[in-house]
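Asks: One structure is given below, represented as structure tokens, and several questions about it will come after.
The values are calculated or read from the model by the stated rules, or taken from the named source; none is laboratory data. Note that this is a predicted model, so its numbers are computed, not measured. For neighbour counting, all protein chains shown are included, and Cβ atoms are generated from backbone atoms with ideal geometry for every residue, glycine included.
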Amino acid sequence: MVFENKMITYGEPDDEEEEEEEEEEEEDMVDPLETIRAKCEETEHCVHYKERLETCEARVSGRSSTMEDCTEELFDFLHARDHCVAHKLFHKVK
């Protein structure tokens, strides 16, 4: 006589099946904000600020000791990108 070791779940899915379904759902979801940010970073205005930030980062990382940081360049870039995002995002909300 052979007995199989099966657990009765009374209609509830296995935990493994639930986890796989949740992972599949998470993979399909795309944050629209990230998509808009990526598009805005490619605009001429943002590219200019991104180049200034990258130049600053290269300059600062090339020095062994410096008091300089790239905070101003980072804020300028984020401001330009977020300004673009706001126009695109809230234009769709109207």
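Asks: What are the residues in the stretch 67-80 that are more than 25 Å from F90 (Cβ to Cβ) and in contact with a helix residue (DSSP H, G or I) (Cβ under 6 Å, 6 or more places away or on another chain), if any?
Replies: Matches in the stretch 67-80: E68, C70, E73.
Asks: Working only within the stretch 35-44, note down all residues that are assigned to a helix (DSSP H, G or I), β-branched (V, I, T) and in contact with a helix residue (DSSP H, G or I) (Cβ under 9 Å, 6 or more places away or on another chain).
Replies: If the condition is that a residue be assigned to a helix (DSSP H, G or I), β-branched (V, I, T) and in contact with a helix residue (DSSP H, G or I) (Cβ under 9 Å, 6 or more places away or on another chain), then I36 is the only one that fits.
Asks: While we're looking at this one, here's another question. I'd like the residue in the stretch 54-94 that is closer than 18 Å to E34 by Cα and of a type in the set (G, A, S) and, out of all such residues, is surrounded by the most Cβ atoms within 10 Å (Cβ to Cβ).
Replies: Among residues in the stretch 54-94 that are closer than 18 Å to E34 by Cα and of a type in the set (G, A, S), the one surrounded by the most Cβ atoms within 10 Å (Cβ to Cβ) is A80.
Asks: Please go through the stretch 45-55 and pick out each residue that is modelled with pLDDT of 95 or more and either part of a loop (DSSP other than H, G, I, E, B) or not basic (K, R) (or both).
Replies: Those that are modelled with pLDDT of 95 or more and either part of a loop (DSSP other than H, G, I, E, B) or not basic (K, R) (or both): C46, V47, H48, Y49, E51, L53, E54, T55.
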